[in-house]
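The structure under discussion appears below in the form of structure tokens.
The values are calculated or read from the model by the stated rules, or taken from the named source; none is laboratory data. In this text, all values refer to a predicted model and were calculated from it rather than measured experimentally. No Cβ is skipped: glycine too gets one built from the backbone with ideal geometry, and neighbour counts run over all protein chains shown.
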């Protein structure tokens, strides 16, 4: 069976490709050049940024050669900028906290890889994500589930996938834990077996998203900090410097610890308050994608994550049409940030998710 594998040059995607090749499939490796952060050198030559660097692309090519599969590099800089980077900038300027990895995985990588797979007459697209997809042969429905390794589970980032995309998706690592993946890489003689995982936003490797936005966009100027009663406490540097739940970097003198509890981009204000002011009992989310294609019944019980490292919390779902939902938690949750994703689970199955209003 012919399978296209997204190869980033890291250990996970490399092992995914090697596993499928070892099983006898006809594997084609694709690496994506997504973002040219560093511009051009003194000779006018393009230099790769931190996502799919020259070293990463070379690593992917060496792995492909090691396991005996063809490897291609595709340039998606323009689509990455339109789909991921522009959204990231717009959201922060609007006082929201975006998750570029979700847009990259669902709106760019999977959509594009499926297109490429069709052009190559490939049956499936595989990635190194720690997630699982199960197919019901009787109904044809696909279910998205958490990876077995809960410390590495990446299903949260895949909630935008549709039934047609899941029908073509393979996640070879979903049933493995990370130490076993590294052991496989060593056994297979892959040069990337000890390569560290990447955790930063690929196009903001230093973690300073506000400085990045200042470089690439006309960002709003400074405004005022307010307390919950509306009193002005000081000046801030611009709403794109802050996110709900943030404590560090506020520069405010106070006898108690202050946290960002609200952002109003229109008024250019940031509201701060004590830790308890971050608690919320419910939220609404828009742009909801239901994995099954239709919303569940009102009152459906779920556990919900409001950010990647959040411990999923029990809640009740109230669909508001097909693409909006109200989520009511059993217990208040802290630092629910507009722009982040709320992802809904039934056990280890992803029911869907949306963008927090």
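With respect to the stated conditions, residue 140 fails to be in contact with a helix residue (DSSP H, G or I) (Cβ under 7 Å, 6 or more places away or on another chain) and part of a loop (DSSP other than H, G, I, E, B).
Out of curiosity, is residue 204 in contact with a strand residue (DSSP E or B) (Cβ under 6 Å, 6 or more places away or on another chain), outside the structural domain of residue 128 (by TED's automatic domain parsing) and part of a loop (DSSP other than H, G, I, E, B)? No, not satisfied. From the list 184, 150, 173, the one residue that fits, being surrounded by fewer than 23 Cβ atoms within 10 Å (Cβ to Cβ) and closer than 21 Å to residue 24 by Cα, is 184.
Filtering segment 227-242 for residues that are surrounded by 14 or more Cβ atoms within 10 Å (Cβ to Cβ) and in contact with a helix residue (DSSP H, G or I) (Cβ under 6 Å, 6 or more places away or on another chain) leaves a non-empty set. As a summary of the residue check, residue 221 satisfies the conditions (1) surrounded by 14 or more Cβ atoms within 10 Å (Cβ to Cβ); (2) in contact (Cβ under 8 Å) with a residue 12 or more places away in the chain; (3) not in a strand (DSSP E or B) except for the one numbered (1). Residue check: residue 166 meets all listed conditions (1) part of a loop (DSSP other than H, G, I, E, B); (2) touching a strand residue (DSSP E or B) at 6+ places or on another chain (Cβ under 8 Å) but one, namely (1). Applying the criterion of being farther than 22 Å from residue 82 by Cα and in contact with a helix residue (DSSP H, G or I) (Cβ under 7 Å, 6 or more places away or on another chain) to the residues of segment 191-218, the residue that is surrounded by the fewest Cβ atoms within 10 Å (Cβ to Cβ) is 191.
Only one of the listed residues (125, 192, 133) is assigned to a strand (DSSP E or B) and within 18 Å of residue 63 (Cβ to Cβ). That residue is 125. Of the residues making up segment 276-299, those that are in contact (Cβ under 8 Å) with a residue 40 or more places away in the chain and not in a strand (DSSP E or B) number 7.
Restricted to segment 1-120, the set of helices (runs of 4 or more DSSP H) holding at least 2 residues that are more than 25 Å from the chain's Cα centre (by Cα) and modelled with pLDDT of 95 or more comprises 11-22, 54-67.
Of all residues in segment 250-269, those satisfying the criterion of being buried (at least 20 other Cβ atoms within 10 Å of the Cβ) and either assigned by TED's automatic domain parsing to the domain that holds residue 339 or over 16 Å from residue 221 (Cβ atoms) (or both) are 250, 258, 259, 260, 261. Scanning segment 304-321 for residues that are surrounded by fewer than 18 Cβ atoms within 10 Å (Cβ to Cβ) and closer than 19 Å to residue 155 by Cβ yields 308, 309, 310, 311, 312, 313, 314.
Looking at 226, 240, 199, which is the one that is without any contact (Cβ under 8 Å) to a residue 40 or more places away in the chain and under 23 Å from residue 356 (Cβ atoms)?
Exactly one of 226, 240, 199 is without any contact (Cβ under 8 Å) to a residue 40 or more places away in the chain and under 23 Å from residue 356 (Cβ atoms), namely 199.
Considering segment 243-265, and only residues there that are touching a residue at least 40 places away in the same chain (Cβ under 8 Å) and part of a loop (DSSP other than H, G, I, E, B), the residue that is farthest from residue 283 (Cα to Cα) turns out to be 265. Annotation: of all residues in segment 322-344 being surrounded by 22 or more Cβ atoms within 10 Å (Cβ to Cβ) and in a strand (DSSP E or B), the one that is nearest to the chain's Cα centre (by Cα) is 341.
For segment 121-152, filtering for residues that are under 19 Å from residue 12 (Cβ atoms), under 21 Å from the mean Cα position of the chain (by Cα) and in contact (Cβ under 8 Å) with a residue 12 or more places away in the chain leaves 17.
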